[in-house]
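The values are calculated or read from the model by the stated rules, or taken from the named source; none is laboratory data. Quick caveat, the model's predicted, so the values are computed rather than measured. Quick reminder, even Gly has a Cβ in these numbers, built from the backbone with ideal geometry, and neighbours come from all protein chains shown.
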Amino acid sequence: MRTLFTTLLAFTFMDPVLAGVEVGGTRLIYDAGRRESSLPLKNPEKDVAYLIQSWLDQGEDETSSAIPFIVTPPLFRLDPGQENLLRVVNTGEVPQDRESLYWLNVKSIAATHDQPNQLQISVRTRIKMIYRPISLRASAAEAYRQLTVTRTGDRLTFTNPTPHFISFFDVYLDGQAQAEPAMVAPFGTFSLKVPPNSPGRVSWRAINDYGGRTEEVCR
């Protein structure tokens, strides 16, 4: 009987589990004081092996050229019950006055067993990789507290005066959760559309280096 293989590509999940492969983190902080940074992967399955492919890109356009880092190994087999480390190594110059953001991609493809009409699924996850210069270590944990907030009409704008990326866990205006809390780049701004006549008490929590949430800040 003729065998049909259908590949479904580019499924993206924020949950750090890739069709059975466990990814040991929701973000990767590259400390400039170290030679490399690593991310553990584990295959908890008893009878399924996976082909793992990994690479870095620069964001929405997924451009991978001119990135001053490499991921090793870029392609390998992860057998049942096996663990391995993805290692990210700096290979070029990176700005030292602020953090830099890249995206680490991990794609897993389950091994097949030559069965007819089998559906083969490829699953990809993307997590943030933040390069942190040595001089910025001490200020990272409290950077989210330094955001300033301004209100103009129906726009609420957060200004980040720090050299750190700040990812929101949530944002509340007058006790109401606001949609699409995102990330503020170093020395950048981020704005939300809000009801024009609300009193304007703002609070937020950020995501820390370990994927947890910070304490709440109110303005």
Has segment 154-165 got any residue that is surrounded by 13 or more Cβ atoms within 10 Å (Cβ to Cβ) and closer than 30 Å to LEU51 by Cα? no
Check ASP170, ASP154, ASP174, ASP97 and return the single one that is under 20 Å from GLY211 (Cβ atoms), of a type in the set (Asp, Glu) and touching a residue at least 24 places away in the same chain (Cβ under 8 Å). ASP170
Could you list, in sequence order, all residues of segment 35-61 that are surrounded by 12 or more Cβ atoms within 10 Å (Cβ to Cβ) and among the charged types (D, E, K, R)? GLU36, LYS42, GLU45, ASP57
Hey, LEU39 among the aliphatic types (A, V, I, L, M), on the phi < 0 side of the Ramachandran plot, at pLDDT 95 or above and part of a strand (DSSP E or B) or not: yes
Among (1) of a type in the set (A, V, I, L, M); (2) assigned to a strand (DSSP E or B); (3) touching a residue at least 60 places away in the same chain (Cβ under 8 Å), there is one condition VAL48 misses while meeting the rest; what is its number? (2)
Has segment 164-171 got any residue that is in contact with a Pro (Cβ under 8 Å, 6 or more places away or on another chain) and of a type in the set (Val, Ile, Thr)? yes
